[in-house]
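The values are calculated or read from the model by the stated rules, or taken from the named source; none is laboratory data. Predicted, not measured: the structure shown is a model, and the values here were computed from it. For neighbour counting, all protein chains shown are included, and Cβ atoms are generated from backbone atoms with ideal geometry for every residue, glycine included. Areas reflect the complete protein model, heavy atoms only, side chains present, ligands, DNA and RNA absent. Shrake-Rupley method; radii C 1.70, N 1.55, O 1.52, S 1.80 Å.
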Amino acid sequence: MRVAFVASEAFPLAKVGGLADVVGSLPQALRRLGVEPTVFLPWYWGIEAYYVGEVGFRFAGKEERAGIGHAEHRGVRYVLLGLGDFARDRVYGYPDDFRRFVRFALAVAELLRDFEVVHAHDWQAALLPLLRNLGWFSGRTVYTIHNLAYQGVWNPEEFYAWTGLPGETYYGAGLEHHGSVNLMKAGIVNADAVTTVSPRYAWEITTPEGGEGLDGVLRAHQGKLRGILNGLDTEYWNPATDPYLPFNYDANNLLGKTRNKSALKAELGLEDRPTLGVVSRFVYQKGIDLIAQAVEGLLDLGVNLVVLGSGEAELEHTFSRLSAQHRGRLAYVQGYHEALAHRIYAGADAFLMPSRFEPCGLAQLIAMRYGTPPIVRAVGGLLDTVRHWETGFMFETADAGGILHGVREFLKHPDLEAVARSAMRQDFSWENPARAYQHLYQRLLGQPA
Ligand code: ADP
Ligand code: GLC
């Protein structure tokens, strides 16, 4: 079975957050089950691939050509689309993001004829199920929502001028939402199946509180919506072999973990106190502002804080200021740092994740795999993956009080080593979720599972 994955990120080629982890590892797991996946990505600046030719597509009434690159990572085939607008140093955050990803989708659509299933991820690929329904290619379509907060919204005038799609698709094919084009909505309406990344989030997004304005649409299509929990690349995220760690360890021997804790404190100049780790994009979703509000209270409880992340400038400034103010107790490192992230997962005593909403969350899974109990808000995928007092700690309210409550629970647990061990002994692999995706593909193709 040939399956095309279409997305904006895949680790290690291009990563901003968890989407890259999923698109970089689920295809490998599917391959082990006999599925033949190919991943389509924009050819971002710096990705090494073999130039194999060009594909023509129409954009804004003109014939355009995109370069095609081929690459392979851990047995998975990648096809990179060379569209000038992607040769920039970041993945997103440009004023023309919508236009860039529409061009990407239009170009990719020209390469999908040989695939039985097209699996599109998030708004950047959400146009594809609609293009299939217009007869551009013929595979079954799966649309996965990794984050309903980013929907790909634009004005219809430019959208139709760029794509040349028939005007009746605006109302007739689900593109219109509150007077704008909404690609997320079109993905949901037109795909054969819609999945999201945890069962709890699959339910939350059908409610007005969690639906980001699309709950009505999701309720109308609930029959084809389901939550499949993400897995982890457990070979890559493995404390027993992780080359980024000063000391390797496993659930049977946590001595290495203790040494990583000391090493992390020494590296960041922190006092000898329990250390809470944070590795995150700095956005509203993650409740980073709530951590800032809780800082004084946290330090009063006798813990250190290590924060790695970047995003909204105001939050970056706040943490730079806080770390200058609380030297020795609060360390903030701005930016994206793969190696340091690993050392924090391994070297923190607990991992803090006070998300306002969380479709799945991989950071808490990684923390558990590294024996670092996550302290999380009871929401979305966090609720589906953390067991309070057994594998981590949970709190209810999205505010400083909630965070402090969660940390107090952590501090009063009598046997944190048992928590670390239970956390580490769980199965976070892709094996079961990959099978769930395979069965879904088979069902859509009318094949016996
Ligand atoms: P999201 O996708 O919403 O950002 P997830 O928890 O699903 O949240 O995934 C986040 C991924 O990005 C994890 O692999 C995490 O380690 C990684 N990550 C986030 N911020 C950083 C950073 N500043 N440096 C390194 N890795 C990061
Ligand atoms: C999104 C979500 C995160 C999820 C990731 C991978 O970035 O915010 O919760 O884990 O996608 O599915």
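Some points to look at:
- Where a residue in the range 429-449 is under 20 Å from Ala191 (Cα atoms) and its partner, wherever it lies, is assigned to a helix (DSSP H, G or I), with Cβ under 6 Å and at least six apart: Ala434/Ala29; Ala434/Leu30
- Sole residue being more than 28 Å from Leu270 (Cα to Cα) and of a type outside the set (Ser, Thr, Tyr), chosen from Arg377, Arg343, Arg408, Arg435: Arg435
- Checking each residue of the range 5-28 against the condition of being among the acidic types (Asp, Glu) and touching a residue at least 60 places away in the same chain (Cβ under 8 Å) gives at least one match.
- When residues of the range 18-46 are limited to those that are farther than 15 Å from Asp233 by Cβ and open to solvent by less than 20 Å² (accessible area, probe 1.4 Å), the one nearest to ligand 2 (Cβ to nearest atom): Leu41
- Checklist (1) open to solvent by less than 20 Å² (accessible area, probe 1.4 Å); (2) of a type outside the set (A, V, I, L, M, F, W, C); (3) within 16 Å of ligand 1 (Cβ to nearest atom) applied to Thr275, failing item: (3)
- Taking first residues from the range 138-153 that are within 17 Å of Ala434 (Cα to Cα) and within 12 Å of ligand 1 (Cβ to nearest atom) and partners that are modelled with pLDDT of 95 or more and assigned to a loop (DSSP other than H, G, I, E, B), the Cβ contacts under 7 Å between residues at least 6 apart in sequence or on separate chains come to His146/Asp122; His146/Val197; His146/Pro359.
- Filter pass, Tyr284 being out of contact with any Gly (no Cβ under 6 Å at 6 or more places or on another chain) and either on the phi < 0 side of the Ramachandran plot or of a type outside the set (Val, Ile, Thr) (or both): yes
- Checking each residue in the range 251-264 for being within 20 Å of Arg421 (Cα to Cα) and buried (at least 16 other Cβ atoms within 10 Å of the Cβ) picks out Ala251, Leu254, Gly256, Lys257, Arg259, Asn260, Lys261.
- Residue count for the range 26-55, restricted to those that are out of contact with any strand residue (DSSP E or B) (no Cβ under 9 Å at 6 or more places or on another chain) and of a type outside the set (Phe, Trp, Tyr): 4
- Residues of the range 409-449 satisfying the condition of being assigned to a loop (DSSP other than H, G, I, E, B) and among the charged types (D, E, K, R): Asp415, Arg425, Asp427
- Residues of the range 317-340 that turn out to be hydrophobic (A, V, I, L, M, F, W, C) and more than 14 Å from Glu267 (Cα to Cα), as a count: 3
- Scanning the range 346-364 for residues that are away from ligand 2 (no atom under 15 Å from the Cβ) and open to solvent by 10 Å² or more (accessible area, probe 1.4 Å) gives a single hit, Asp349.
- Taken together, Leu134, Leu112 contain a single residue that is more than 19 Å from Pro27 (Cα to Cα) and more than 16 Å from ligand 1 (Cβ to nearest atom), which is Leu134.
So that you can scan it fast, the table gives a plain yes or no per residue for (1) open to solvent by less than 60 Å² (accessible area, probe 1.4 Å); (2) away from ligand 2 (no atom under 16 Å from the Cβ); (3) closer than 26 Å to Leu444 by Cβ:
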| residue | (1), (2), (3) |
| --- | --- |
| Ala191 | yes, yes, yes |
| Thr196 | yes, no, yes |
| Tyr201 | yes, no, yes |
| Thr207 | yes, yes, no |
| Gly211 | yes, no, yes |
| Gln222 | no, yes, yes |
| Tyr236 | yes, no, no |
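- Residue within the range 313-335 that is modelled with pLDDT of 95 or more and within 14 Å of ligand 2 (Cβ to nearest atom) present: no
- Residue list for the range 100-142, filter: surrounded by 24 or more Cβ atoms within 10 Å (Cβ to Cβ), acidic (Asp, Glu) and over 14 Å from Phe5 (Cβ atoms): none
- Selection status of Gln334, open to solvent by less than 30 Å² (accessible area, probe 1.4 Å) and either in contact with a Phe, Trp or Tyr (Cβ under 9 Å, 6 or more places away or on another chain) or within 20 Å of Phe11 (Cα to Cα) (or both): no
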